[in-house]
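Student: The following block contains the structure, expressed as C-alpha coordinates.
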Amino acid sequence: ARAMGLRVFGTAGSKAGADTARDAGAHEVFDHGQDGYAAKITAATGGKGVNAILEMLANVNLDRDLGLLASKGRVAVIGSRGRVEIDARQTMGKESAVMGTTLWSTTAEEYTQIHAALVGALHAQGVEPRVLLLRRQLQPLGEEAGRGLLARVGRRGHRWVRAGARGG
(Lines give C-alpha, C1' and ligand atoms only; values in the text may rest on other atoms or scores of the structure.)
Protein backbone atom coordinates (compact mmCIF):
# COMPACT_ATOMS: atom_id res chain seq x y z
CA ALA A 1 0.00 0.00 0.00
CA ARG A 2 2.81 2.41 0.86
CA ALA A 3 4.50 1.71 -2.47
CA MET A 4 1.26 2.81 -4.14
CA GLY A 5 1.42 6.18 -2.37
CA LEU A 6 -1.05 5.38 0.40
CA ARG A 7 -0.52 6.45 4.01
CA VAL A 8 -0.33 3.29 6.08
CA PHE A 9 -1.05 2.91 9.79
CA GLY A 10 -0.40 -0.21 11.83
CA THR A 11 -1.27 -1.34 15.31
CA ALA A 12 0.73 -3.57 17.60
CA GLY A 13 0.84 -4.66 21.21
CA SER A 14 4.62 -4.93 21.61
CA LYS A 15 7.82 -3.25 20.48
CA ALA A 16 8.63 -6.26 18.29
CA GLY A 17 5.17 -6.03 16.67
CA ALA A 18 5.59 -2.30 16.11
CA ASP A 19 9.00 -2.87 14.54
CA THR A 20 7.49 -5.50 12.24
CA ALA A 21 4.69 -3.11 11.20
CA ARG A 22 7.25 -0.38 10.42
CA ASP A 23 9.44 -2.83 8.51
CA ALA A 24 6.37 -3.79 6.48
CA GLY A 25 5.84 -0.15 5.51
CA ALA A 26 3.64 1.48 8.15
CA HIS A 27 4.18 5.24 8.37
CA GLU A 28 2.88 5.28 11.94
CA VAL A 29 2.25 2.51 14.45
CA PHE A 30 -0.17 2.75 17.37
CA ASP A 31 -0.15 0.62 20.53
CA HIS A 32 -3.56 -1.08 20.64
CA GLY A 33 -3.03 -1.91 24.30
CA GLN A 34 -2.88 1.77 25.22
CA ASP A 35 -5.99 3.67 26.29
CA GLY A 36 -7.01 6.23 23.71
CA TYR A 37 -5.15 4.69 20.78
CA ALA A 38 -8.23 4.94 18.54
CA ALA A 39 -8.44 8.70 19.17
CA LYS A 40 -4.77 8.99 18.20
CA ILE A 41 -5.46 7.23 14.90
CA THR A 42 -8.38 9.55 14.18
CA ALA A 43 -6.20 12.56 15.03
CA ALA A 44 -3.48 11.29 12.68
CA THR A 45 -6.04 11.42 9.84
CA GLY A 46 -6.92 15.02 10.62
CA GLY A 47 -10.23 13.84 12.05
CA LYS A 48 -11.39 12.30 8.77
CA GLY A 49 -10.93 8.65 9.71
CA VAL A 50 -9.29 5.84 7.79
CA ASN A 51 -10.42 4.57 4.39
CA ALA A 52 -9.76 0.88 4.90
CA ILE A 53 -9.02 -1.51 7.75
CA LEU A 54 -7.74 -5.06 7.44
CA GLU A 55 -9.14 -6.64 10.60
CA MET A 56 -7.55 -9.79 11.94
CA LEU A 57 -9.49 -10.08 15.23
CA ALA A 58 -13.00 -8.85 14.47
CA ASN A 59 -14.61 -10.31 17.60
CA VAL A 60 -12.52 -7.88 19.66
CA ASN A 61 -12.04 -4.90 17.34
CA LEU A 62 -14.84 -4.58 14.77
CA ASP A 63 -17.09 -2.20 16.70
CA ARG A 64 -14.11 0.08 17.40
CA ASP A 65 -13.03 -0.19 13.75
CA LEU A 66 -16.38 1.17 12.59
CA GLY A 67 -15.77 4.30 14.64
CA LEU A 68 -12.39 4.78 12.97
CA LEU A 69 -13.70 4.72 9.42
CA ALA A 70 -13.93 7.73 7.12
CA SER A 71 -17.03 8.34 5.05
CA LYS A 72 -17.43 5.40 2.60
CA GLY A 73 -14.69 3.52 4.50
CA ARG A 74 -14.37 -0.26 4.45
CA VAL A 75 -13.39 -3.00 6.85
CA ALA A 76 -12.18 -6.30 5.42
CA VAL A 77 -12.55 -8.99 8.08
CA ILE A 78 -9.81 -11.55 7.56
CA GLY A 79 -9.85 -13.03 11.04
CA SER A 80 -12.20 -13.53 13.96
CA ARG A 81 -12.26 -15.92 16.90
CA GLY A 82 -15.85 -15.55 17.98
CA ARG A 83 -19.14 -13.75 17.68
CA VAL A 84 -19.23 -10.01 17.06
CA GLU A 85 -21.54 -7.36 18.47
CA ILE A 86 -21.54 -3.99 16.72
CA ASP A 87 -23.53 -0.77 16.69
CA ALA A 88 -24.78 -0.84 13.09
CA ARG A 89 -25.57 2.89 13.26
CA GLN A 90 -21.84 3.49 12.90
CA THR A 91 -22.03 2.09 9.35
CA MET A 92 -25.17 3.98 8.34
CA GLY A 93 -24.09 7.59 8.76
CA LYS A 94 -20.77 7.01 7.03
CA GLU A 95 -22.21 4.66 4.42
CA SER A 96 -19.36 2.33 5.26
CA ALA A 97 -19.06 -1.37 4.49
CA VAL A 98 -17.87 -4.50 6.27
CA MET A 99 -16.81 -7.45 4.16
CA GLY A 100 -15.66 -10.85 5.31
CA THR A 101 -13.20 -12.80 3.26
CA THR A 102 -11.43 -16.11 3.32
CA LEU A 103 -9.45 -18.10 0.84
CA TRP A 104 -11.20 -21.42 1.61
CA SER A 105 -13.47 -21.28 -1.43
CA THR A 106 -10.85 -19.87 -3.81
CA THR A 107 -10.36 -22.00 -6.92
CA ALA A 108 -6.97 -23.04 -8.29
CA GLU A 109 -7.47 -20.63 -11.19
CA GLU A 110 -8.24 -17.76 -8.79
CA TYR A 111 -5.11 -18.57 -6.74
CA THR A 112 -3.06 -18.39 -9.94
CA GLN A 113 -4.58 -15.00 -10.80
CA ILE A 114 -4.03 -13.69 -7.25
CA HIS A 115 -0.42 -14.86 -7.29
CA ALA A 116 0.29 -13.27 -10.68
CA ALA A 117 -1.30 -9.98 -9.64
CA LEU A 118 0.52 -9.80 -6.31
CA VAL A 119 3.95 -10.73 -7.63
CA GLY A 120 3.48 -8.43 -10.64
CA ALA A 121 2.49 -5.51 -8.41
CA LEU A 122 5.41 -6.14 -6.08
CA HIS A 123 7.90 -6.32 -8.94
CA ALA A 124 6.47 -3.14 -10.48
CA GLN A 125 7.24 -1.35 -7.22
CA GLY A 126 10.76 -2.75 -7.03
CA VAL A 127 9.90 -5.23 -4.28
CA GLU A 128 11.23 -8.76 -4.57
CA PRO A 129 9.09 -11.23 -2.57
CA ARG A 130 11.25 -13.69 -0.69
CA VAL A 131 8.77 -16.33 0.35
CA LEU A 132 5.51 -17.68 -0.97
CA LEU A 133 3.17 -19.62 1.30
CA LEU A 134 1.39 -22.33 -0.66
CA ARG A 135 -1.30 -23.97 1.45
CA ARG A 136 0.81 -23.46 4.58
CA GLN A 137 4.05 -24.74 3.04
CA LEU A 138 6.83 -22.18 2.66
CA GLN A 139 8.42 -21.99 -0.76
CA PRO A 140 11.51 -19.77 -1.30
CA LEU A 141 11.15 -17.19 -4.05
CA GLY A 142 14.61 -15.76 -4.06
CA GLU A 143 18.03 -16.30 -2.62
CA GLU A 144 16.75 -16.41 0.95
CA ALA A 145 15.32 -19.71 2.15
CA GLY A 146 11.77 -19.37 3.41
CA ARG A 147 12.22 -21.30 6.62
CA GLY A 148 15.11 -19.06 7.68
CA LEU A 149 12.91 -16.00 7.23
CA LEU A 150 10.09 -17.57 9.23
CA ALA A 151 12.51 -18.48 12.02
CA ARG A 152 13.65 -14.84 12.25
CA VAL A 153 10.14 -13.35 12.08
CA GLY A 154 8.68 -15.68 14.68
CA ARG A 155 5.41 -14.46 16.17
CA ARG A 156 6.02 -10.80 15.34
CA GLY A 157 3.79 -10.82 12.29
CA HIS A 158 3.67 -11.92 8.72
CA ARG A 159 6.04 -10.56 6.09
CA TRP A 160 5.45 -13.00 3.29
CA VAL A 161 2.96 -13.35 0.48
CA ARG A 162 0.10 -15.85 0.94
CA ALA A 163 -0.87 -16.92 -2.55
CA GLY A 164 -0.36 -19.64 -5.11
CA ALA A 165 -2.13 -22.71 -6.45
CA ARG A 166 -4.22 -24.93 -4.19
CA GLY A 167 -2.75 -28.21 -3.20
CA GLY A 168 0.80 -26.84 -3.55
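Student: Among the residues of segment 1-11 satisfying the criterion of being within 15 Å of residue 37 (Cα to Cα) and touching a residue at least 24 places away in the same chain (Cβ under 8 Å), which is surrounded by the most Cβ atoms within 10 Å (Cβ to Cβ)?
Tutor: Only one residue fits best here, namely 11.
Student: Would you pick out the residues in segment 66-87 that are touching a strand residue (DSSP E or B) at 6+ places or on another chain (Cβ under 8 Å), open to solvent by less than 50 Å² (accessible area, probe 1.4 Å) and not in a helix (DSSP H, G or I)?
Tutor: The answer is 69, 70, 73, 75, 76, 77, 79.
Student: Criterion first (open to solvent by less than 50 Å² (accessible area, probe 1.4 Å) and out of contact with any strand residue (DSSP E or B) (no Cβ under 9 Å at 6 or more places or on another chain)) does residue 47 satisfy it?
Tutor: no
Student: Filter segment 14-31 down to the residues that are part of a loop (DSSP other than H, G, I, E, B), of a type outside the set (A, V, I, L, M) and either touching a residue at least 40 places away in the same chain (Cβ under 8 Å) or open to solvent by 60 Å² or more (accessible area, probe 1.4 Å) (or both) and list them by number.
Tutor: Once the filter is applied, which keeps residues that are part of a loop (DSSP other than H, G, I, E, B), of a type outside the set (A, V, I, L, M) and either touching a residue at least 40 places away in the same chain (Cβ under 8 Å) or open to solvent by 60 Å² or more (accessible area, probe 1.4 Å) (or both), segment 14-31 yields 14, 27.
Here's the yes/no breakdown for (1) under 23 Å from residue 120 (Cα atoms); (2) touching a helix residue (DSSP H, G or I) at 6+ places or on another chain (Cβ under 7 Å); (3) modelled with pLDDT of 95 or more:
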residue	(1), (2), (3)
7	yes, no, no
19	no, no, no
31	no, yes, yes
39	no, no, yes
45	no, no, yes
71	no, no, yes
101	yes, no, no
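Student: I would also like to ask the following. Can you pull out every residue in segment 88-97 that is over 10 Å from residue 73 (Cβ atoms), open to solvent by 60 Å² or more (accessible area, probe 1.4 Å) and of a type outside the set (Lys, Arg)?
Tutor: 92, 93, listed by residue number.
Student: For segment 34-49, does any single residue satisfy the condition of being without any contact (Cβ under 8 Å) to a residue 60 or more places away in the chain, within 24 Å of residue 4 (Cβ to Cβ), under 18 Å from the mean Cα position of the chain (by Cα) and part of a strand (DSSP E or B)?
Tutor: No, segment 34-49 contains no residue that is without any contact (Cβ under 8 Å) to a residue 60 or more places away in the chain, within 24 Å of residue 4 (Cβ to Cβ), under 18 Å from the mean Cα position of the chain (by Cα) and part of a strand (DSSP E or B).
The values are calculated or read from the model by the stated rules, or taken from the named source; none is laboratory data. It should be emphasised that the depicted structure is a prediction, and the values quoted were computed from it without experimental measurement. Using ideal geometry, Cβ is built from the backbone for each residue, glycine included, and neighbour counts are taken over all protein chains shown. Protein only, heavy atoms only, side chains kept; ligands, DNA and RNA dropped before computing areas. Shrake-Rupley method; radii C 1.70, N 1.55, O 1.52, S 1.80 Å.
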